[in-house]
Amino acid sequence: MQKDIQSFESIVGLHIKDETLYSEYRNAMKGLLEQYEGGFRYDFKIAETLKSETENPINRVFLIYFKNQERKLSFFADPEYQKIREKYFVPSVASTTQIATYERYMD
């Protein structure tokens, strides 16, 4: 019996250089993210990284989810999202590290 996909999830690490601008990014993209059936399950500010497979420093880790991979791809390709990203994300984030991406299945 095939299980149904519950969500498509990614764990991402960031190095944020401007917390205020990054908060504005999150606020600006929230409504659009919800339109694409997405959201955040976890969000952490990291004080110390003990082990990392990247040279990029990480001070924020979050889990972002979508109903499926197609919704994720559509969200990040949306012209409105691209405008928000350029205005807030690009100047506030020094680096991005993709830690994991996976499909979560229903039992």
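Here, the chain has an Rg and a Dmax of 14.6, 48 Å when only alpha carbons are counted.
Computed over the chain with a Gaussian network model linking Cα atoms closer than 10 Å, the most mobile of Ile64, Ile16, Ile84 is Ile84. Note on the chain: Lys pairs 8 or more places apart or on different chains, Cα atoms under 21 Å apart, count 14. Is any residue of segment 19-54 close enough, with backbone N under 18 Å, to a label point placed 7 angstrom from the Cα of Arg85 along the Cα-Cβ axis, and if so, which? Correct set: 22-40.
Per-residue extension of 0.36 nm, minus the Cα-Cα distance of Leu63 and Thr96, leaves a gain of 10.6 nm for this segment.
Calculated mean residue ellipticity at 222 nm for the chain: -9000 deg cm²/dmol, from DSSP H runs with n ≥ 4 weighted as -39500 (n - 2.57), summed, divided by the residue count and rounded to 500. Sorting Leu33, Leu21 by the number of Cβ atoms found within 10 Å of their own Cβ, with the fewest placed first, yields Leu21, Leu33. Note on Asn56 and Arg41: the model spin-label points, each 7 Å out from Cα along the C-beta direction, lie 2.1 nm apart.
Where a number appears in this text, it was derived from the coordinates with a stated rule and is not lab data. From a predicted model like this one, the values you see are computed outputs, not experimental measurements. Cβ sites come from the backbone with ideal geometry, for glycine too, and all protein chains shown count toward neighbours.
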